[in-house]
1. Looking only at residues that are free of Cβ contacts under 8 Å to residues at least 60 places away in the same chain and of a type in the set (D, E, K, R) in the stretch 81-106, which one is least open to solvent (accessible area, probe 1.4 Å)?
2. Take the stretch 161-218 and flag every residue that is open to solvent by less than 60 Å² (accessible area, probe 1.4 Å), assigned to a helix (DSSP H, G or I) and under 22 Å from Asp147 (Cβ atoms).
3. Report the residue count in the stretch 211-250 for those that are free of Cβ contacts under 8 Å to residues at least 40 places away in the same chain and in contact with a Pro (Cβ under 6 Å, 6 or more places away or on another chain).
4. Keeping to the stretch 107-125, report how many residues are open to solvent by 20 Å² or more (accessible area, probe 1.4 Å) and either closer than 24 Å to Arg61 by Cβ or of a type outside the set (Val, Ile, Thr) (or both).
5. Being of a type in the set (A, V, I, L, M, F, W, C) and within 8 Å of the ligand (Cβ to nearest atom) narrows it down to one residue among Ile64, Ile51; which is it?
6. Just checking, how many residues over the stretch 83-104 are more than 13 Å from Ala119 (Cβ to Cβ) and within 16 Å of the chain's Cα centre (by Cα)?
7. Being open to solvent by less than 10 Å² (accessible area, probe 1.4 Å) and away from the ligand (no atom under 15 Å from the Cβ) is the filter; apply it to the stretch 126-140 and report the residue that is farthest from Ala188 (Cα to Cα).
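The values are calculated or read from the model by the stated rules, or taken from the named source; none is laboratory data. What you see is a predicted model; the values in this text were computed from it and never measured. With ideal geometry, Cβ positions are generated from the backbone for all residues, glycine too; neighbour counts draw on all protein chains shown. For accessibility, only protein heavy atoms count, side chains too; no ligands or nucleic acids. Shrake-Rupley method; radii C 1.70, N 1.55, O 1.52, S 1.80 Å.
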Amino acid sequence: MTGMLDYDREADHYDVTRGGDARAASAAAAVRALLPPDTTRLADLACGTGIVTVRLTRPGRQVIGIDLSSGMTRIAATRLPGRITIGDVTRLPLADASMDAVVMIWLLHLMNAPAGAAALTEVARVLRPGGTLLTTVDKNDAVFATDDDTTALIKPVRAAYAAPQTDATGRVTDLGAPLGLTVTGENAFPGTGQGRSPRRWREHLLAGAFTWAKAAGDDLTALCERLQALPDQDRPRPDPVYRLLRLTKV
Ligand SMILES: C[S@@+](CC[C@H](N)C(=O)[O-])C[C@H]1O[C@@H](n2cnc3c(N)ncnc32)[C@H](O)[C@@H]1O
């Protein structure tokens, strides 16, 4: 998958750079609030380091984690020994109708459109009738959707240059419908500690952290000048809020 971060190299500092336990606890709480109480067999796909996965366990529930990266699964296995497998969500090593629930936190936005579609097809295959999919949507929009002076400047420039997102809500629901996956709920969780100050925004934009910013040329230069003119250059703006969608398989 071109453009995807190297999660094997990322593994050792993934947790601390993604909001650590606070973010994981919020994400897991949002998941648990949408899980039907009779969820016994649960697969966390793209489980990463297992920092969310481990918070979905409870007595009587079989929780497994699957991830493509050996570096990430090595860490996840320390949290959930014997329950983590290396695997690809586009070819799941799971039997048909074998899961009550499938969780995908921060996965679909990383995939290209055909891979995302293949992942949803696989999820529909492994869920039992009445089973639950919980997935984040609009992930990359979240940091630009906060209500503050930085995003007021950045959002229109991004809108002009960013490509459509694989995890856009409309796209996920359109792909889910013919697979028998219907939206039955939603929730949200904060990206604790991820709000950026104007100065940090400028550094991120200029460091090439966003594909769309690299394409923005003079508009990027102008945007950075406007960010530099904002007050409170080192005060972080509000944390982003990530959306979680529940789809139920008919
Ligand atoms: C942003 S991390 C999210 C990890 C975890 N869900 C969390 O919330 O901390 C994305 C993860 O997706 C995994 N991944 C990417 N493509 C995958 C695929 N096709 N199959 C399985 N895992 C994949 C990566 O290895 C990485 O661990």
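1. Among them, the one singled out is Asp88.
2. Within the stretch 161-218, Thr169, Pro198, Trp201, Arg202, His204, Leu205, Trp212, Ala213 meet the criteria.
3. Total meeting the criteria: 1.
4. 9
5. Sole residue among the options that is of a type in the set (A, V, I, L, M, F, W, C) and within 8 Å of the ligand (Cβ to nearest atom): Ile51.
6. 0
7. Among them, the one singled out is Leu127.
Residue-wise test of (1) closer than 22 Å to Ala113 by Cβ; (2) modelled with pLDDT of 95 or more; (3) among the hydrophobic types (A, V, I, L, M, F, W, C).
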{"position": "Glu186", "(1), (2), (3)": "no, yes, no"}
{"position": "Gly193", "(1), (2), (3)": "no, no, no"}
{"position": "Arg202", "(1), (2), (3)": "no, yes, no"}
{"position": "Phe210", "(1), (2), (3)": "yes, no, yes"}
{"position": "Lys214", "(1), (2), (3)": "yes, no, no"}
